[in-house]
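What follows is a short report on a single structure.
No lab work stands behind these numbers, since they all come straight from the coordinates. Because the structure is predicted, anything quoted here is derived from the model rather than measured. Positions of Cβ are backbone-derived with ideal geometry, glycine not excepted, and every protein chain shown enters the neighbour counts.
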Amino acid sequence: MDKSFNYIISPEISEFRRFSPKLKIGVLASGNGTNFQELINLSEKEELDIDIKVLITNKDDAGCIKRAESVKIPHKIIRSEDFSQKDLFELEIINTLNNFDVELIVMAGWMKIVTPFFINKFKNKIINIHPSLLPSYKGGSAIKDAILNGSKITGCSVHFVEEEVDSGSLIMQAALSIRDDDNIESLSKRIHILEHKILPHSISHAGFLIRSNFKENY
Ligand code: GAR
């Protein structure tokens, strides 16, 4: 994989905050789960003081499931199709997260829009990673949209989840150039490398705010 490219990360990366006891997180993911894997790796190496209590996915065949199984992180598949109303689907997720007593919810490739009902249950405790420099290219096809638009720079963002989709206070962003010969796959690979850098640091920062009840002043 191409790791040699120029990028900017802001705020600049510093050391992870230490959490004792470890920060209890729940991960929501719909896909392959490479971001989730990075969290597993950092946790196993004891570089990031997180305790991944549960993985929730909405897809039977999501790659993240195997990643959870391989390190015995509990996982639960909650399919929206199994519920007559979105509230009931979200209630199942809420109950699961509460059962695991998580302090921070990390959307790492979660491809379902969450409603105010869900967000208000975990105010200022949900963060999301998105593959663009928000507020540019919100929505489900951010990488493709940046290429189609002829953008020269794009990146990824981690933000607190608030009611408007892909909005909410930014925690961290990384920017990189789009090359003339980039396609969705090549650009996605480089964005993923940056996502794996900013998501753990954003967790560290959000965890610090949550533990110090600091979000009100953020
Ligand atoms: C990541 O690129 C993330 O930014 C994106 O899904 C991918 C998941 O990758 N999230 C969204 O598009 C949310 N709107 P992963 O499964 O390899 O971690």
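Things to note:
- The alpha carbon convex hull volume per residue for the stretch 13-70 rounds to 81 Å³.
- Where a label projected 7 Å from the Cα of SER80 along Cα→Cβ would reach, residues of the stretch 115-133 with amide N under 12 Å: 115
- Burial ordering of HIS196, HIS159, fewest other beta-carbon atoms within 10 Å first: HIS196, HIS159
- Among the trypsin sites (Lys or Arg not before Pro) within the stretch 107-200, those in coil by DSSP and having at most 10 neighbouring Cβ atoms inside 10 Å are LYS152.
- Helix 184-211 and the longest principal axis of the Cα set of the chain meet at an angle near 40°.
- Calculated FRET efficiency for the pair ASP61/ASN95, C-beta based, R₀ 25 Å, to 0.05: 0.55
- Sum of -39500 (n - 2.57) over DSSP H runs of 4+, divided by residues of the chain (222 nm, nearest 500): -10500 deg cm²/dmol
- Trypsin sites (Lys or Arg not before Pro) restricted to DSSP loop in the stretch 8-81 with at most 12 other C-beta within 10 Å: ARG18, LYS45, LYS72, ARG79
- For the chain, DSSP calls about 50 percent of its internal beta bridges antiparallel.
- Taking GluC sites (Glu not before Pro) across the stretch 1-42, the ones in a DSSP loop with at most 13 further Cβ atoms lying within 10 angstrom of their Cβ are GLU12, GLU15.
- Rg over Rh for the chain works out to 0.95, using Cα positions for both radii and the Kirkwood form for Rh.
- Gain on full extension, evaluated as 0.36 nm per residue between ARG18 and LYS45 minus their Cα-Cα distance, stands at 8.4 nm.
- 5 angstrom amide H check on MET107, placed H, neighbours 5+ away: LEU28, ILE127, ASN128, ILE129
- Sorting SER4, SER84, SER204 by the number of Cβ atoms found within 10 Å of their own Cβ, with the fewest placed first, yields SER4, SER84, SER204.
- Between PHE16 and any residue 5 or more places off or on another chain, the built amide H atoms are never under 5 Å apart.
- The residues ASP182, ASP61, when put in order of fewest to most other Cβ atoms within 10 Å, stand as ASP61, ASP182.
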